[in-house]
Every structure is written in C-alpha cells, then in structure tokens.
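*Asks:* Submitted below is the structure of interest, expressed as structure tokens.
The values are calculated or read from the model by the stated rules, or taken from the named source; none is laboratory data. On a predicted model such as this, the values are computed, not experimentally measured, just so you know. Cβ placement follows ideal geometry from the backbone for every residue including glycine, while neighbour counts extend to all protein chains displayed. Only protein heavy atoms, including side chains, enter the accessible area calculation; ligands, DNA and RNA are left aside. Shrake-Rupley method; radii C 1.70, N 1.55, O 1.52, S 1.80 Å.
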Amino acid sequence: MKILVINGGSSSFKYQIIDMATNERICQGLVERIGMPEGNFKHKRFPGTDREETFEFPGSYPNHTAGMQEMVKVLQDPARGGVISSPDEIAAVGHRVLLGGPEYAEALVDEKVKKVITDYIPLGPLHNPANLAGIEVMEKLFPGKPNVAVFDTGFHSTMPDQAYTYAIPQDLAKKHRIRRYGFHGTSHKFVSKEAAAFLGKKPEDVNLITCHLGNGSSISAVAHGSCVDTSMGLTPLEGLIMGTRSGSIDPAIVTFLMQAEGYSGPQMSDVLNKQSGLKALCGMSDLRDLEAAEESGDKAASLALRMFIYSIRKYIGAYFAVLGHVDAVVFTGGIGENSSKVRGGVCQNMDVFGIAIDEALNAPRSSSPRDISQPNAKVRTLVIPTDEELEIARATLRIAFPDKTC
C-alpha cells in the first residue's frame, strides 16, 4: 500500500512515497524554482534503512505540471533513482492543501472539493492555485487513483466561535469569509498525537501547547485532541514574530504606513510578509545565522532573538489560561527541534506554570522524541520531530480506503 504525498508550495513542491504497511519512506524529493530560468530537482531513494541514494537533475520547470511530469518519469526510471515500475503501484495520492476554510479537514477529491479550493484562492493566492494544479496533474498522471486533500487549516476547524471570530462588522466578515483559520495544522495534529503517545496516554486524555517554530511559526492550544485556539489567523501573518513576517502588530500601523508612504495593498502586504520579522530587526531571517551573530556580540541580533522568544512566551502564557490544565508544552519544527537556545529562553523562569527544563537534556540535538524536563516538573516539556508527510499519508489511507487500518 504505497501512498504518494505531494506537499506543494507557490514555486516548489516536495513529494514522498511511503509504504503504509511499515510507515517507511521509499523515496522523497523536491522540485524548486518552478517558473524560473534555472530550476532544481533533488531526489532521494532509500534502498535500506541505514542508507540513502541522492540524485540531482538541473533543468527548467515552467510550471507545476512540468515538474510533476518529470517527477513521475524519475519515479519509474531505475537509473535516476526510480522506485516503482508503473503508476499502478501507487494506491492513492495525498495532497497538502493550504486553505479549505471550515468546510473540510480532509476529503476525497471531487468537483465539490475542487470548488472549495478554488473559492478560497482569494485568501490563499499563492498556494491554493498550486495545490489545485497538483491535484489535477496527478489525476491525469495516475488515472483512476484516489486523490485526497488534507487541509492545512483542518486541525483548527474545531476552534470555538469565541476563538475564531474577529470583532469587525459581521456582515463584512461573512461576506469576505474573514475569521481565524490557523495554519501548520498537519504538523500540530501530528505532534499532538505523538506527544500523547510519548506520555503513554490517548490524545483525548491530555491538554497540550504545541509550538511549531521555523521560518514560519505558530502555537496551538490543544484540549483533549482538538485545537481550541491557534496563533495564526486569517492568513499566516498573524501571531509570532517570524523569519520575514511581522507577526501581530497594531492594525493602525498598516493604515498609517499606507497613507504616509503611499503603499498600495500589495506593497503593504509585501512589507509585512517579506520585509519584516527577524529580517527587519537584524538583516537575517535564518535563526542559525542570527544565533551566531548574537554570540559574536551583534546587538541587533540579540534584540531580534529576545523579541522572538518573548512573543513565544506570551502565547504560551495565554494558552495556559485558555486550557486551564496543561500536561505538556511541545516544541517542533526546524527551530523548535534544533535550537536549544530558543527552548531554553522560552522556558526560563516559567516555574509558576510548572515548566522547568534540564539544560543537560535540552542541549544535545537528536532526531528522536524526548523529554527535556526536570524530574519534578509538573508540566512536561517535550521535543517531538514533526512529520507532515506521514500525517498526510495516514489521512489519505484513512479517507481513500476506510476499511484499512493505519
């Protein structure tokens, strides 16, 4: 039972084939710089659990269709790392789709689902068209195979109305579908289930604060397996300070700058999404560069790091109030899994909440789930590596073949 997972972005897509009988990756790859003069295609296959083979194919991919057509050729070519003899070996295709509103969390793709994806293009103009294109290409390249859409907003569809409603005129909110949607849902869902299992409990028996920290970052409050609040909003711009995103700011700043600088709406959006965040504070958006600069005495980098940590601490504090009881705080994502400095800074002087980490456990890097708490801490602090592709594959198997177990 091999599932092909497509994780599409605006100018790239990642893919994996996962054998659902064993949860093992057979191959994975990345096609990037789509639509640019020089594209890039990286492919890895895993002939054994302890080794991998890497292939790279420079080329030009004018659109997602061209990139996916080449991917299917590579998957069937042993000389280039192929792992299947024909498309018949793929049981189903799972797609990460950015935005599907509250209508769907995950769904077998049909014309109705495609229309929902299309209807939300105004709120996801970069990703939803690419996600839809990926679905339609896979329908042609793997005819007759079920396609399943797993929505990035799906896990957050359980939020209560007091959490997802904005205090703006409700006729406008209804007309333009303005509400908190939340993002990184596939990651938050995966790590919340993994964290519960790590604690030896069922998801419905724990309350968690899950922190997905990367170039894009978000935090969710998860009560008994369901999301009840999350930091991202109508778009991924709201919430934490991020690599190039401002995070939450006074909305009056937007109108003030548009009037003072003569910015159009798209220009203002570009400022907030691509020119702000850590990049605006110190000229660096990659936390690894920022930490190195901070250690060398760069004051701007130090301020940026402190602001990033401070924004995380505020949300954790708020979500303790939302949940009432918290069993664990969970760190995941590129920063959450790898930056001991960020984890240490976030958890410093959090004893009042029952959070206390052991620096000897926090310092080493590891690809395994781990508890970095002090033995007597009332709230556990966990580091759980995320695996969005595996979560998408599990959902695909569950939706496309409900008689199978996963």
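*Asks:* Can you name every residue in region 130-171 that is part of a helix (DSSP H, G or I), open to solvent by 50 Å² or more (accessible area, probe 1.4 Å) and out of contact with any Cys (no Cβ under 9 Å at 6 or more places or on another chain)?
*Replies:* Glu136, Glu139, Lys140, Asp161, Gln162, Tyr164, Gln170, Asp171
*Asks:* Restricting to region 361-384, and then to whatever is closer than 29 Å to Ala21 by Cα and among the hydroxyl-bearing types (Ser, Thr, Tyr), can you tell me which residue is surrounded by the fewest Cβ atoms within 10 Å (Cβ to Cβ)? Let's see the steps before the verdict.
*Replies:* Here is the first cut: in region 361-384, the residues closer than 29 Å to Ala21 by Cα are 366-371, 382-384.
Filter once more, so that each one left must be among the hydroxyl-bearing types (Ser, Thr, Tyr): 366-368.
Numbers: Ser366: 12, Ser367: 9, Ser368: 7.
Out of the qualifying residues, it is Ser368.
*Asks:* Another question, then. His188 fails exactly one of the following numbered conditions: (1) within 19 Å of Ala400 (Cβ to Cβ); (2) touching a residue at least 24 places away in the same chain (Cβ under 8 Å); (3) open to solvent by less than 30 Å² (accessible area, probe 1.4 Å); (4) part of a helix (DSSP H, G or I). What is the number of that condition?
*Replies:* Status for His188: all satisfied but (1).
*Asks:* Quick one: count up the residues across region 288-319 that are small (Gly, Ala, Ser), open to solvent by less than 50 Å² (accessible area, probe 1.4 Å) and over 26 Å from Lys378 (Cα atoms).
*Replies:* Of the residues in that region, 5 qualify.
*Asks:* Just to verify a result, which residue in region 272-287, among those that are out of contact with any Ser or Thr (no Cβ under 8 Å at 6 or more places or on another chain) and in a helix (DSSP H, G or I), is least open to solvent (accessible area, probe 1.4 Å)? Spell out the reasoning first.
*Replies:* Here is the first cut: in region 272-287, the residues out of contact with any Ser or Thr (no Cβ under 8 Å at 6 or more places or on another chain) are 281-284, 286.
Retained after the next criterion (residues that are in a helix (DSSP H, G or I)): 281-282.
Details: Leu281: 60, Cys282: 25 Å².
Taking the candidates together, the pick is Cys282.
*Asks:* Specify which of the listed residues (Asp387, Asp351, Asp403, Asp358) is of a type outside the set (S, T, N, Q), under 29 Å from His95 (Cα atoms) and surrounded by fewer than 17 Cβ atoms within 10 Å (Cβ to Cβ). Full working, then the answer.
*Replies:* Details: Asp387 fails: surrounded by fewer than 17 Cβ atoms within 10 Å (Cβ to Cβ); Asp351 fails: under 29 Å from His95 (Cα atoms); Asp358 fails: under 29 Å from His95 (Cα atoms).
Just a single option satisfies the conditions, and that option is Asp403.
*Asks:* Determine, yes or no, whether Gly94 is open to solvent by less than 40 Å² (accessible area, probe 1.4 Å) and either in a loop (DSSP other than H, G, I, E, B) or of a type outside the set (A, V, I, L, M, F, W, C) (or both). Before you say what the answer is, go through the steps one by one.
*Replies:* On the way: open to solvent by less than 40 Å² (accessible area, probe 1.4 Å): yes; either in a loop (DSSP other than H, G, I, E, B) or of a type outside the set (A, V, I, L, M, F, W, C) (or both): yes.
The answer is yes for Gly94.
*Asks:* Could you list, in sequence order, the residues of region 38-47 that are open to solvent by 60 Å² or more (accessible area, probe 1.4 Å) and not in a loop (DSSP other than H, G, I, E, B)? Let's see the steps before the verdict.
*Replies:* Going through region 38-47, the residues open to solvent by 60 Å² or more (accessible area, probe 1.4 Å) turn out to be 38, 42, 44, 47.
Answer for region 38-47, where residues must be open to solvent by 60 Å² or more (accessible area, probe 1.4 Å) and not in a loop (DSSP other than H, G, I, E, B): Lys42, Lys44, Pro47.
*Asks:* Restricting the search to region 7-37, which residues are open to solvent by 30 Å² or more (accessible area, probe 1.4 Å) and over 29 Å from Leu123 (Cα atoms)? Full working, then the answer.
*Replies:* Taking region 7-37 first, the residues open to solvent by 30 Å² or more (accessible area, probe 1.4 Å) are 10-12, 14, 19, 21-26, 28, 30, 32-33, 35-37.
Residues satisfying the conditions are Asp19, Ala21, Thr22, Asn23, Glu24, Arg25, Ile26, Gln28.
*Asks:* Being without any contact (Cβ under 8 Å) to a residue 24 or more places away in the chain and in a loop (DSSP other than H, G, I, E, B) is the filter; apply it to region 101-121 and report the residue that is least open to solvent (accessible area, probe 1.4 Å). Spell out the reasoning first.
*Replies:* So the first thing to find is which residues in region 101-121 are without any contact (Cβ under 8 Å) to a residue 24 or more places away in the chain, and the list is 103, 110-112, 114-116, 118-119, 121.
Right, trim to in a loop (DSSP other than H, G, I, E, B) and you get 103, 110, 121.
Details: Glu103: 92, Asp110: 75, Ile121: 49 Å².
Ranking the candidates gives Ile121 first.
*Asks:* Just to be sure before I move on: is Thr396 touching a Phe, Trp or Tyr at 6+ places or on another chain (Cβ under 9 Å), closer than 27 Å to Glu106 by Cα and either open to solvent by less than 10 Å² (accessible area, probe 1.4 Å) or polar (S, T, N, Q) (or both) in the structure I sent? Steps first, answer last, please.
*Replies:* Details: touching a Phe, Trp or Tyr at 6+ places or on another chain (Cβ under 9 Å): no; closer than 27 Å to Glu106 by Cα: yes; either open to solvent by less than 10 Å² (accessible area, probe 1.4 Å) or polar (S, T, N, Q) (or both): yes.
So Thr396 fails the test.
*Asks:* What's the number of the only condition in (1) assigned to a helix (DSSP H, G or I); (2) within 20 Å of Ala223 (Cβ to Cβ); (3) in contact with a helix residue (DSSP H, G or I) (Cβ under 6 Å, 6 or more places away or on another chain); (4) not hydroxyl-bearing (Ser, Thr, Tyr) that Ala304 fails to meet?
*Replies:* (2)
*Asks:* Please go through region 98-143 and pick out each residue that is over 23 Å from Thr165 (Cβ atoms) and acidic (Asp, Glu).
*Replies:* Of everything in region 98-143, those that are over 23 Å from Thr165 (Cβ atoms) and acidic (Asp, Glu) turn out to be Glu106, Asp110, Glu111, Glu136, Glu139.
*Asks:* If you go through region 62-94 one residue at a time, how many are of a type in the set (A, V, I, L, M, F, W, C), closer than 26 Å to Ile399 by Cβ and out of contact with any Lys or Arg (no Cβ under 7 Å at 6 or more places or on another chain)?
*Replies:* The initial filter retains those residues of region 62-94 that are of a type in the set (A, V, I, L, M, F, W, C), namely 66, 68, 71-72, 74-75, 79, 83-84, 90-93.
Going one step further and asking which of them are closer than 26 Å to Ile399 by Cβ, we end up with 68, 71-72, 75, 83-84, 90-93.
From what's left, out of contact with any Lys or Arg (no Cβ under 7 Å at 6 or more places or on another chain): 68, 71-72, 75, 84.
The total comes to 5.
*Asks:* Among (1) touching a Gly at 6+ places or on another chain (Cβ under 8 Å); (2) open to solvent by 50 Å² or more (accessible area, probe 1.4 Å); (3) of a type outside the set (S, T, N, Q), there is one condition Val322 misses while meeting the rest; what is its number?
*Replies:* Going through the list (1) touching a Gly at 6+ places or on another chain (Cβ under 8 Å); (2) open to solvent by 50 Å² or more (accessible area, probe 1.4 Å); (3) of a type outside the set (S, T, N, Q), Val322 breaks only (1).
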